[in-house]
1. Could you grab me the full set of residues in region 1-14 that are modelled with pLDDT under 80 and surrounded by 10 or more Cβ atoms within 10 Å (Cβ to Cβ)?
2. Just to be sure before I move on: is Ala104 assigned to a helix (DSSP H, G or I), at pLDDT 90 or above and of a type in the set (A, V, I, L, M) in the structure I sent?
3. Just one of Leu86, Leu94 is surrounded by 10 or more Cβ atoms within 10 Å (Cβ to Cβ) and outside any helix (DSSP H, G or I); which is it?
Amino acid sequence: MEHYVLEHETLKEAQQRKAVSRLQYNAKQTTTKVDTSQVLPRAFLSWKQFLLKKKRVKRSAIRMWSRMRRPGVYKAFRTWRNGLALVSNTLAPLTRQEIMGVVAKMDRDSKTLEGMVENAHGQIKYLQSYS
């Protein structure tokens, strides 16, 4: 019994010594690593970077949400923004007569489409009258 008590006491003392030495080691590490002149600027710098990233993420999320809600508007805007450069690059090598031919072809195509829309509209009205 005495042997157990002595062994238990020495084990407990060893654990206490180990805990104290760990605390001392950690205290030394924190005092030597932390430089008071660098702590606040680093903290503010990291906070500033965090806020900038947060703004970027928020802006991109708003942009994505609007594109998801109304994709047609976004596509129309892209076409409008990039359309003039696309048209000018396409028409730049053409002569005046070729451009006039393209315009005449587009006019014929638009009239054909107009007729097709009127025909489809008439068919829709016809179907609606029977439903």
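The values are calculated or read from the model by the stated rules, or taken from the named source; none is laboratory data. Just so it is clear, the structure is predicted and the values come from calculations on it, not from any experiment. Cβ: placed from backbone, ideal geometry, glycine included. Neighbour counts: every protein chain shown.
1. Within region 1-14, Leu6, Glu7, His8, Glu9, Thr10, Leu11, Lys12, Ala14 meet the criteria.
2. In short, yes.
3. Checking each option against the conditions leaves just Leu94.
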